Every structure is written in structure tokens, then in C-alpha cells.
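Report on one structure; see the data block that follows.
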Amino acid sequence: MVKVRFSDLSPGMELAEDAMTPGGRFLMPRGTRLERSHLTTLAGWGIAELDVVGGSPPPAAETGADGGGEPPADARPKPADFLEQAMEAAKGRFVFVDLREEIAATVFRLSVGRTAKRLARAALEEADKPAPAPKPQSPFGARPAPVAAAGPIPSPEDLLREDPQLVSLPEVFTRINEVLRNPRSSVDEAARIIGTDASLSATLLKLVNSAFYSRASRAVERRFPAKVDNLTRAVMIVGGKQLATLALGVSVLPIFRDIPPEYINMKAFWKHSIGCGMIARALAEHSGVCGGESSFVAGLLHDIGRLVLYKHLPGPSGLALRRSREEFCTLTMVEKELFAFDHGYLGGLLLRKWQYPTALEKMVRYHHDLTEPLFIEEPAVIHVADFLCNALEIGASGEWRVPALLPEAVEALSLSSADLKGLVGGVEESIEEVFTSFFPGDEEA
């Protein structure tokens with residue numbers, strides 16, 4: 001591997017590392033064979049140098065996007081310049097997806113289009129800026145240093161038993177659970193219990209007032225003002241049990257505040273989780289296989305097992321993250337090899353320990369493995385939603401390559417390509433709004 005200045009790059013060189021912008025945005029994957037169009041794009045981003053595979057840099061006279069030593073005068077990037085790079089990036093991420101399937105191919109095209117637009121928009125914003133070279137930041141957190149899995153890996157049960165926070169939950173959490181399990185509980189009781197936690201109440205009211213619940217709000221607009229300003233009105237819109245289910249999901253977020261940043265960008269993680277929950281809710285409403293709020297919470301918490309791994313097994317988790325980027329595998333595959341279980345299994349056990357409703361536990365536990373449950377419709381909702389979030393890069397949970405889309409999940413939900421495009425388009429507009437409801441003041445992940 002040789003670090004080569006931009007002025008010494010030439011067509012035919014192969015990237016030894018992913019090309020990143022000075023601001024840390026992904027441009028093109030390791031292994032890309034540089035062409036003149038690539039050099040034009042790199043010039044527009046102000047790239048100072050890149051790592052290329054072996055060999056000596058060619059003479060300066062042979063370099064530059066126009067064959068000379070300087071980039072051409074019109075090197076300012078244009079949206080069309082990024083389609084090829086977006087296609088190359090998507091190919092590297094979709095290696096485990098069968099693109100012969102119509103729905104998978106449709107999502108692949110959506111991913112390419114989104115990436116090209118994102119790169120073009122970012123390039124236009126940054127093309128005129130000076131070119132400092134800060135250390136690139138990945139949405140997965142800083143790349144972990146090589147680590148070894150020292151000592152035996154604890155069992156999932158032992159992992160969950162070691163953390164006092166995972167054993168003893170806040171009283172409001174327990175009381176909400178009791179409301180959900182008691183068929184005689186009233187809607188007013190659910191609102192009253194949630195109201196004892198000011199932070200939880202505020203977050204739920206922001207959620208109910210978001211575009212996420214716009215249709216439900218319109219359904220009762222003749223009875224209540226447009227803005228829902230108390231929990232009783234929120235209960236009337238979404239229902240007492242449904243609001244309690246949402247509260248169970250929201251109340252988990254503060255438990256995982258101390259995850260080491262070198263393993264995961266937590267804002268990106270929760271963006272992925274919220275996006276998965278919102279798409280899962282839309283899928284559930286479309287297919288009619290399960291409740292919308294249950295699907296949202298299951299999507300929100302589907303990767304919670306991964307947070308337990310990052311928190312309690314940082315060394316092996318760092319190894320898993322690195323291997324999933326450098327080897328031909330997904331992060332879920334590496335988890336099964338290193339730990340003998342994956343994050344879905346661990347997350348399902350955690351929800352069982354917390355006495356969550358069985359349907360939520362099942363959706364989280366089996367969202368990567370539909371061979372185990374007798375009825376797959378509910379976990380299939382989370383499987384498809386997670387696939388879409390990974391494919392379209394809505395946040396990040398550590399998984400770089402897109403896990404396979406299981407055809408039985410598509411069949412169970414009776415989905416078509418047109419369905420998915422419509423569902424994603426309808427949900428995506430409100431993901432950022434819901435994210436800021438959960439994390440006010442945070443920058444976009």
C-alpha cells in the first residue's frame with residue numbers, strides 16, 4: 001500500500017482503502033480501479049492524497065483528471081458524476097442480496113439513486129471549501145483497533161445477569177408492563193402511570209404530534225385541537241395500550257448511554273432503529289399481520305442485543321466489527337461464529353427478562369432467522385424493515401454489508417416492488433422529525 005498525492009494519481013490505480021471526503025463522507029470503496037471520471041470527482045472534493053495498492057507513483061506529467069498535472073478547470077462535481085461511484089459502492093454492500101429477485105433489485109436501484117444524490121449534494125456544499133484532512137469519521141463510529149477475543153465468551157444469560165441496569169428497571173417501566181398484561185386496566189390508568197415520568201411524557205407527546213401520527217390526529221381533529229398537549233388526548237388518538245407499548249420502547253433509550261464511541265455512533269444507531277420501527281409500523285399496517293405500535297417498538301429495539309455486546313464484550317465486538325468490514329461476511333455472521341449466538345437472540349432474551357409482551361420478544365429474537373418460529377409474519381415485518389434500513393443507509397447499527405432479504409419474509413407479507421417504494425417514500429419524510437422527538441438538539445445522524 002502506497003500513499004499517493006492527488007497530483008500523482010492516474011487512471012488504473014486501485015484504491016487500497018475506502019475513499020472518504022475531508023468531512024468523513026464515503027466516496028468509493030476499497031478496490032475501485034480509478035478512471036478519469038473518478039479523478040474528476042476526487043478533484044471536486046479537494047482530496048489531498050489516497051492509499052493505493054502497491055507500485056510506485058507514476059510521473060506527474062501522466063496524472064490529473066485530464067492527463068496533466070492539474071485537475072481540469074471544470075472539475076466542480078455535478079450530480080451525474082456520482083452515479084458510477086454509487087453503483088460501485090452499492091455492489092460492495094449488496095454482495096449477499098440476490099438481485100435476481102424483483103424486490104431486491106428495486107431496493108438496489110433505490111440505494112444507488114439515494115447514494116448518488118447524497119454524494120452530489122454533499123459535493124456541491126463542500127467543493128469550494130479548503131481541503132483540511134481531519135481523520136474520517138464513519139457512521140459506525142471510529143474503526144476499532146485490532147483486538148483479540150480474550151477468554152471464554154459468557155452465555156447470553158450470564159451477560160444479562162451481570163448488568164444491574166438490565167436487572168432492576170425503573171418503577172414506571174414495571175407499572176407500564178403491568179398495565180399491558182392486565183386486560184382490566186383502563187386507558188386512564190395507562191396515561192396516569194406514564195405521566196409520573198416527565199421526560200417520558202414529553203417524548204411521547206412529541207411523537208404523537210409528529211407526522212408519524214398525522215392520520216390518527218386527523219381522525220380526531222373535530223374532537224380535539226390540532227396539537228395534542230396532554231396524555232389523555234394522546235390516549236384518545238393512539239389508545240391506552242398502544243401508548244403504553246410505545247412507552248416501553250422509549251423508556252429503554254437512556255439505559256445505553258455509555259456505549260464506547262469507538263464502536264458505534266449512537267445517534268446513527270438510534271436513527272437506524274427509529275427508521276426500522278417506522279418502516280415496520282408501515283409494513284404492519286399494509287399487511288395487517290400485527291399491530292402498528294408493537295411493530296414500531298420491535299423495530300426500535302430490534303438491535304438492542306448489539307448494544308449489550310458493545311457494552312459488555314467490547315474487545316470481541318471490536319473484532320467482529322473489523323472482520324465484517326474486511327472479510328466476506330456480515331456482522332451477524334461473525335457474531336454467530338464468535339459468540340455462538342447473534343444480537344437478535346440476545347435482544348429477545350433481554351425482552352423476555354423484562355417481561356415484554358411475547359410478540360415483541362419474538363419479533364426481535366427472530367428477525368434474522370425465520371426458520372425457528374412456527375408463524376413468521378411478525379418477525380418478517382422486522383426482517384424486511386431492517387433490510388430496507390440497511391440497504392438505504394438509514395442510520396447505522398454496525399452492519400456494513402446488507403444482509404440477505406429472505407424470500408419467505410416477502411411472501412409472508414405479500415409485498416410487491418411498488419408496495420415497498422410507496423412505503424419507504426411515505427415514511428422517510430417523517431423519520432428525521434421523529435428522530436428529533438426522541439433526541440432534541442442532536443445533529444442529523
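A few comments on the model shown:
- The order of 17, 293 by accessible area, most exposed first and with a 1.4 Å probe, is 17, 293.
- Whole-Hz ³J(HN,Hα) from phi, Karplus 6.51 cos²θ - 1.76 cosθ + 1.60, for region 234-251, glycine and proline x: 4, 5, 5, 7, 9, x, x, 5, 5, 5, 5, 4, 4, 4, 4, x, 5, 5
- Estimated FRET transfer efficiency when R0 is 35 angstrom, pair residue 285-residue 165 (beta carbons, to 0.05): 0.55
- Under 5 Å, built H, 5+ apart or other chain: amide partners of residue 98: 405
- Summarising the overall dimensions of region 195-331 from its C-alpha atoms, the Rg and Dmax are 17.7, 58 angstrom.
- Between the beta carbons of residue 2 and residue 371, assuming R0 = 45 Å, the FRET efficiency works out to 0.45 to the nearest 0.05.
- Ligands, DNA and RNA aside, residue 3 has an accessible area near 120 Å² when probed at 1.4 Å.
- List 186, 324, 287, ordered by accessible area with a 1.4 Å probe, largest first: 186, 287, 324
- Computed over protein heavy atoms with a 1.4 angstrom probe, the accessible surface ordering of 96, 328, largest first, is 328, 96.
- Given 241/362; 267/311; 241/311, the pairs whose alpha carbons are separated by over 21 Å: 241/311
- Fraction in percent of alpha-carbon pairs per bin - 10 Å, region 332-445: 12, 37, 39, 12, 0
- Kirkwood Rh in Å, taken over all unlike Cα pairs in region 308-356: 11.3 Å
The values are calculated or read from the model by the stated rules, or taken from the named source; none is laboratory data. Quantities reported herein were computed from a predicted structural model and do not represent experimental measurements. Here Cβ is always computed from backbone atoms with ideal geometry, including for glycine, and neighbour counts include all displayed protein chains. All accessible areas refer to the heavy atoms of the entire protein, side chains included, with ligands and DNA or RNA removed. Shrake-Rupley method; radii C 1.70, N 1.55, O 1.52, S 1.80 Å.
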